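Before any comments, here is the structure.
The values are calculated or read from the model by the stated rules, or taken from the named source; none is laboratory data. Keep in mind that this is a model prediction, so the values were computed, not measured. FYI the Cβ positions are ideal-geometry reconstructions off the backbone, even for glycines, and counts take in every protein chain you see.
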């Protein structure tokens, strides 16, 4: 009497191996795994940031194509490459988050299979023993034939349930193989994004070298401005004092620029010279927002505007946690008022924007701009640290800190 075709003819160990062989060949790599909730949040954020960075890259590329001025064209090309770098960085974060989610699904699948394994292994062994024992020989064993028939009847009634559970297990194993393929694709995406990141960084370095060669003649004025900015930094009592001092210098430059130029020599020297009255200072009033304002780097928010710090003081900006050596860009168009190291803040960049706005970016490992440089929004400023150093952004309107999130484009 045959009980079932399922598992018959296999030993108990072989049947167990068939049922519970968790898919092999999982692509393993030294990837930091995240908790499911954190991984899902990182995936959502990175996907959004990647899409925005790609949109910026497309816009800058189109503007570079239509630019007639060589310097403007190069600046927009650099901004396009910087945006592509940020897109690649976001894609790396997204791929790691997907891999973490898939690994979590795999662990849950393995746990479910493990929970089902023990009772089914015992039942599988009993079925195999019964299938290999001839009915005639069973009749000679101790116990009545009635008991044997009863056991066989119980086993026959269990066969539909065994088939049902076996089908569910096989579906779980198929799901495991699908997870394996998806994890492999996530790792392939991660590798491709890392290669793309290196390619973009190399392209940006080459373009920056070209920019330096083209601006050699203009560097003498920049050196003088940089030396003056460093002197102001030494005199400033703290970072707020430095920003205020630079703000006063910016107002003075605006007033000087508004003064009338020299009076042209008249053709008739006997004619009465009419002196033009002084042109009123045209210091612009605050604009509604800095043009095209964006965050300088991608990453999780560690501290928001107004959040209470360990020091007991309120945060005057945003603190972000970027990836190691992440690309940092100008939040908006403007003039670099300071670029270099400052006490306890790593390397910082202060940018004066039109309309009375100033942005302050701190925590850079390297800076690629100099005092006096005119930058567009998205221009590369430098790179973040390779360690745990966060990037902070402050935005000020007429010297007063405001929440940068309220002014994002």
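Hey, among the residues in the stretch 314-325 that are assigned to a loop (DSSP other than H, G, I, E, B) and in contact (Cβ under 8 Å) with a residue 24 or more places away in the chain, which one's farthest from residue 194 (Cα to Cα)? Taking the candidates together, the pick is 316. One residue stands out in the stretch 380-409 among those that are more than 19 Å from residue 324 (Cα to Cα) and in contact with a helix residue (DSSP H, G or I) (Cβ under 6 Å, 6 or more places away or on another chain): the one that is modelled with the lowest pLDDT, namely 399. Here residue 357 fulfils each of the conditions (1) touching a helix residue (DSSP H, G or I) at 6+ places or on another chain (Cβ under 9 Å); (2) surrounded by fewer than 19 Cβ atoms within 10 Å (Cβ to Cβ); (3) more than 17 Å from residue 379 (Cα to Cα) apart from (2).
Identify all residues within the stretch 326-336 that are part of a strand (DSSP E or B) and surrounded by 24 or more Cβ atoms within 10 Å (Cβ to Cβ); write none if there are none.
Applying the first criterion (part of a strand (DSSP E or B)) to the stretch 326-336 yields 327-329, 334-336.
Of everything in the stretch 326-336, those that are part of a strand (DSSP E or B) and surrounded by 24 or more Cβ atoms within 10 Å (Cβ to Cβ) turn out to be 327, 328, 329, 334, 336.
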